[in-house]
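First the structure, in the form of structure tokens, and then the observations on it.
Computed from the coordinates by the stated procedures, all read-outs in this text should not be read as laboratory data. Nothing here was measured: the structure is a model prediction, and the numbers come from that model. Cβ coordinates were reconstructed from backbone atoms using ideal geometry, including for glycine residues, and neighbour counts include every protein chain displayed.
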Amino acid sequence: MLLKKNKALAISMGIFLGLTGTSFAQSTSDADKVSSENKVSVTDNENINANVDSFSDVPKGHWAYEALDYLAQHGVIEGYKDGTFQGNRTMTRYEMASIVANAMKSDKGDIGDKAVLNQLKEEFSEDLKQMQSQIDKNTSDISKLKEDAERFKISGFGRVSWDNDNIKNYNDQNDNNRFYLDLKGKFKVNDDWNFNFESETNQRYARYVTADGKVQYHQGHGDEDGVIQRIWAEGNIDKLHVDVGRRWRGLGFQNVLLGHETDGIVLDYPLDNNGLKALAFYQKPTDAGYDFAMYGLGVQGPVSDNLQINLAYAQLDIDKSESPGYNVYDGNKPLKNTFGSHGLVLSAMWNPMKNITLIGDYVLTNAEKEHVDEKTSFDIDENTSKSIRLNYRWTNLNDPGSFQLYTRWFDYGRHGNIMGDEEWGLLKPGSKGWVFGFKYVPAKNIEWETMYEIADMYGVFPGEKDQQYKRDFIRTQVDFHF
């Protein structure tokens, strides 16, 4: 019985050390690796550490001397080449595995027989329960900390951008040269709902030239920079997805019909299990002076393995002859209706082969056409917009070296959208031409993009709207995502 008690004590020592090592040393540090390399295995030399006297740091009066002596004699534990046991060092999972394996091999297995284990269970059950309780509490605390940390997330990107643009025939038009920050926050309310915000800081260069050729000087930023411009909630009511508040929204894959900040609500409901969904929306653009709303229906999502659609019809709450608001920059004069009373977008994304993606948008409004002089050879539909984009590959921010090449043909009517995305002045109503560009990821989470546009374009100011010219435009920018 004394032998079994010694065995029980030895096993309990090993289990306690093992639990401690498993709980507090989840991975092997560099120091552990070095120590493991210096360890001497009893299988290599049966005479090394055959008893605990070989451990220079374990004196005979030590409280664990007897247990360690037994474990050493039976080859369960091993010492180090410098003759130490190093009992105060945190055990790694690898060392625990070695102890268990040696214990199973020792004494032909009788060290772990049922009687000894039962006695061990009786004598140390309370200690093991307390230890397991502490482990469970630690695990619960860690899970709660992780859950709390994931309730709030910050993301976004910073951008350094430079343009060279001859819009309106001015060679120094650089209104969009800027340092830009897009900061987004997401608060997890519960498993179904999130609350979000977005803040934009747009610091243009202090000297710039406006579209009409006037040189301007300012402090390099606007009044709203750094504030929270957009706030919205997003969540699910059963299968219905709800997006309500102020945020940037678009219609169509290239946001030609609408690509703008709006106040409103968008609902979508799944039509199948593959991602196809029906849309219903009510939105009001937030540009100063504009006072109209649009509402409508749509459908978007995959219809086959390599084809997705994005279709929408938008109806305005004003007639095509009614003003959409007032010009707050010119004596609150009524604004001219340039988009009519309704719009339609037919958009598709097709992958005909690996690494090739075609994206097309067709937009039609019922806006009134403007008269163009009969001598004008420039041919562009007034109330339609068309855009076809060809992508070769996609970039991946987690894959340095990934890249994308793209080209886009576009034909934007002067009244061919409601409030489409001009992409920082790149794509103007009343222009027709090509864009060529590339994207490249030089390092993780950094993306460099350069594009060149050549287009025929109408003037945009009164008295110049029947004048056309060749627009040459180049932009290069670097985005830092976080």
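Would you mind computing, in nm to one decimal, how far apart the modelled labels at GLU150 and VAL189 are, each placed 7 Å from Cα along Cα→Cβ?
2.0 nm
Note down the net charge around ALA455, summing +1 for each Lys or Arg and -1 for each Asp or Glu among other residues with Cβ under 10 Å from its Cβ.
0
Between ILE356 and TRP424, what FRET efficiency follows from the Cβ-Cβ distance if R0 is 25 Å, with the result rounded to 0.05?
For R0 = 25 Å, the calculated efficiency reads 0.40.
What distance in nm separates the simple spin-label points at GLN130 and ASN164, each placed 7 Å from Cα in the Cβ direction?
7.7 nm
Take each of the peptides 67-73, 451-457, 437-443, 351-357, average the number of other beta-carbon atoms within 10 Å over its residues, and list them starting from the highest.
Order by mean packing, descending: 67-73, 451-457, 437-443, 351-357.
Which links in LYS153/LYS214; LYS146/LYS439; LYS277/LYS354; LYS146/LYS239; LYS284/LYS470 stretch past 32 Å when you go from one Cα to the other?
Beyond 32 Å: LYS153/LYS214; LYS146/LYS439; LYS284/LYS470.
At 0.36 nm per residue, minus the direct Cα-Cα distance, what do GLU122 and GLN315 gain on full extension? Give it in nm, one decimal, please.
Net length gain for the segment: 61.7 nm.
How high is the FRET efficiency between ILE474 and LEU397 when r is their beta carbon distance and R₀ equals 30 Å, given to the nearest 0.05?
The calculated FRET efficiency here is 0.80.
If you project the alpha carbons of region 294-340 onto the principal axes, what extent comes out on each, in Å, largest first?
Extents along the principal axes: 54, 20, 13 Å.
Stretch ASN327-THR286 to full length: gain in nm at 0.36 nm per residue minus the Cα-Cα span?
The ASN327-THR286 span can extend by a further 13.4 nm.
Quick one: length gained pulling PHE179 to VAL215 fully straight, 0.36 nm per residue minus the C-alpha distance?
11.0 nm
Would you kindly give the portion of the calculated P(r) for region 264-351 that falls above 20 Å, as a percent of all Cα pairs?
The share of Cα pairs beyond 20 Å in region 264-351 comes to 48 percent.
What FRET efficiency do you get for LYS369 and ALA293 if R0 is 35 Å and r is their Cβ-Cβ distance, rounded to the nearest 0.05?
Efficiency for this residue pair is about 0.90.
Can you tally the net charge around ARG389? Count Lys and Arg as +1, Asp and Glu as -1, for every other residue whose Cβ sits under 9 Å from the Cβ of ARG389.
My count for the surroundings of ARG389 gives 0.
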